[in-house]
Amino acid sequence: MMDLPLNNRKNFLTLEELEIINSAKLSLFEKHHIRLLAHCLESFRAMVNGTKSGSLPDENLRLEWLNSQPSLKDQEEFISILLDQFALAGKQLEDLASRYQKSPLGLTVADLVQSRLDPL
């Protein structure tokens, strides 16, 4: 895949990452949930210029990033909903990061899949 800045990719997940999810012995619902979490994780990384370690961006940075997206211009209500969804996904990612003793931005798709294969 051509290495484009995260903000310019149409799909944040690579074919390899999608294959990891699709090949997991999980329900379609669980696979969809992992894809959503993985997309949120990549969105968080995009908010901090592709950083793959450290804490998740705070709500102010999330809002700033969402407002900078051309496809969300004049979409205040939708941005508000996205912020709520990012908060929920962020909590899940932070819990997983704690479980795997990693930083939230350091999680991988394989970690997300493994968390569903070995629930607490």
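The values are calculated or read from the model by the stated rules, or taken from the named source; none is laboratory data. Because the structure is a prediction, the values reported are computed rather than measured. Because the Cβ atoms are built from the backbone with ideal geometry, glycine has one as well, and the counts that use them run over all protein chains shown.
Leu93 fails exactly one of the following numbered conditions: (1) buried (at least 18 other Cβ atoms within 10 Å of the Cβ); (2) farther than 27 Å from Lys25 by Cβ. What is the number of that condition?
All conditions pass for Leu93, except number (2).
Among the residues of segment 1-30, write down those that are among the aliphatic types (A, V, I, L, M), part of a helix (DSSP H, G or I) and modelled with pLDDT of 55 or more.
Of everything in segment 1-30, those that are among the aliphatic types (A, V, I, L, M), part of a helix (DSSP H, G or I) and modelled with pLDDT of 55 or more turn out to be Leu15, Leu18, Ile20, Ile21, Leu28.
Select from segment 34-75 the residues that are over 19 Å from Asp95 (Cα atoms), among the acidic types (Asp, Glu) and at pLDDT 95 or above and list them in ascending order.
Glu64
Condition check: at pLDDT 95 or above, more than 14 Å from the chain's Cα centre (by Cα) and under 17 Å from Gln114 (Cβ atoms). Does Ser80 satisfy that?
No, not satisfied.
Of the residues in segment 96-120, how many are part of a helix (DSSP H, G or I), modelled with pLDDT under 95 and surrounded by fewer than 14 Cβ atoms within 10 Å (Cβ to Cβ)?
Counting residues in segment 96-120 that are part of a helix (DSSP H, G or I), modelled with pLDDT under 95 and surrounded by fewer than 14 Cβ atoms within 10 Å (Cβ to Cβ) gives 1.
Being in a helix (DSSP H, G or I) and of a type in the set (S, T, N, Q) narrows it down to one residue among Ser43, Ser53; which is it?
Selected residue: Ser43, the only one of Ser43, Ser53 that is in a helix (DSSP H, G or I) and of a type in the set (S, T, N, Q).
So which residues in segment 75-90 are surrounded by fewer than 17 Cβ atoms within 10 Å (Cβ to Cβ), within 13 Å of Asp58 (Cα to Cα) and of a type outside the set (A, V, I, L, M, F, W, C)?
Asp84
Pick from Leu93, Leu63: which is under 13 Å from the mean Cα position of the chain (by Cα), without any contact (Cβ under 8 Å) to a residue 60 or more places away in the chain and assigned to a helix (DSSP H, G or I)?
The match here is Leu93.
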